[in-house]
Structures are given as structure tokens and as C-alpha cells.
Amino acid sequence: PTQFKRQGEAVFRRREASELRSQAKLGRVLSTGGGVVLDAANRRFLAKQLCVYLQVPVPILFRRLKAASAGRPLLTGQPLQPRLQRLARERGRFYRECATFQVRAGHGTALQVATRIARRLKAFSLS
């Protein structure tokens, strides 16, 4: 958040794109920020990778983020739930465009979500 405030979103997004590519080259599993899909080059890059879209409904995102939104520059300064709804509308198609597949991640434990991902990976590798 400090870097974002000091240097602005454009600098942050350039660094994010660079880091995305360098970490992917190392074969790492990455959990990206929601804004990584805003850049068309990032979307093209992600679409060529094994990319899982963890789909979480806005009301659940709201519950998860309401206590932590102060540390997220794009979520401050306006009511959180409408902001999340707008971001979901704006970015949802980009997430789907990049995703190899989607997994519902709004309910269940982390282990249950990981199990859903593992099942989809297994089915994907068999096809």
C-alpha cells in the first residue's frame, strides 16, 4: 500500500506485470492481486498459463475485506460494498478470459477449496 500511494498505480502495475512474468518463469504458483487482469498483455500472458479463477461472490468478499480495506488503496474513500460490486462487474470478464477454469471459493474451508482445485486440475490433466 505504501508503494502504491507514493509512486502511484501506474508504477505499481508495471512492477506487478514484471513480477508476474519473472515468478511464472520460475514455475511458481502465484496468487495475483485482482487488478493484474486490467492490463491486456497480462491477460494474454495469464491465458497461456494454467490459470485458476477463484470465484467469490461480492457479499462474501465484503465480509472478508471490511476489516482489512484500509490497507487496500483502491478500496478506501468510498463505501466498500458498492466498490466491490463495481470492481467485480468491471473485472469479471477479464478473470474469465484468462482462466483455464473457475473454482467457487466463496464457501468452505481453505482445504475444501484446495480440494476443489485439485479435482479440477486432475480432470484438466486427463483431458
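Observations
- Of the residues Phe45, Phe12, the single one that is open to solvent by less than 50 Å² (accessible area, probe 1.4 Å), among the aromatic types (Phe, Trp, Tyr) and closer than 19 Å to Arg91 by Cβ is Phe45.
This table checks each residue for (1) free of Cβ contacts under 8 Å to residues at least 24 places away in the same chain; (2) within 28 Å of Ser125 (Cβ to Cβ); (3) not acidic (Asp, Glu).
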site	(1), (2), (3)
Leu20	no, yes, yes
Arg28	yes, yes, yes
Gly34	no, yes, yes
Asn42	no, yes, yes
Gln49	no, yes, yes
Gln55	no, yes, yes
Ala67	yes, no, yes
Leu75	yes, no, yes
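- Of the candidates Gln49, Gln78, Gln112, the single residue that is under 26 Å from Gln3 (Cβ atoms) and more than 16 Å from the chain's Cα centre (by Cα) is Gln78.
- Ala24 vs. criteria open to solvent by 40 Å² or more (accessible area, probe 1.4 Å), assigned to a helix (DSSP H, G or I) and either free of Cβ contacts under 8 Å to residues at least 40 places away in the same chain or of a type in the set (A, V, I, L, M, F, W, C) (or both): no
- For the stretch 91-113, a residue qualifies if it is open to solvent by less than 80 Å² (accessible area, probe 1.4 Å) and either without any contact (Cβ under 8 Å) to a residue 40 or more places away in the chain or assigned to a loop (DSSP other than H, G, I, E, B) (or both), and the qualifying residues are Gly92, Ala99, Thr100, Ala105, Gly106, Gly108, Thr109.
The values are calculated or read from the model by the stated rules, or taken from the named source; none is laboratory data. What you see is a predicted model, and the numbers here were worked out from it, not measured in a lab. Cβ atoms come from the backbone with ideal geometry, glycine included; neighbour counts cover every protein chain shown. With ligands, DNA and RNA removed, areas are computed over all heavy atoms of the protein, side chains included. Shrake-Rupley method; radii C 1.70, N 1.55, O 1.52, S 1.80 Å.
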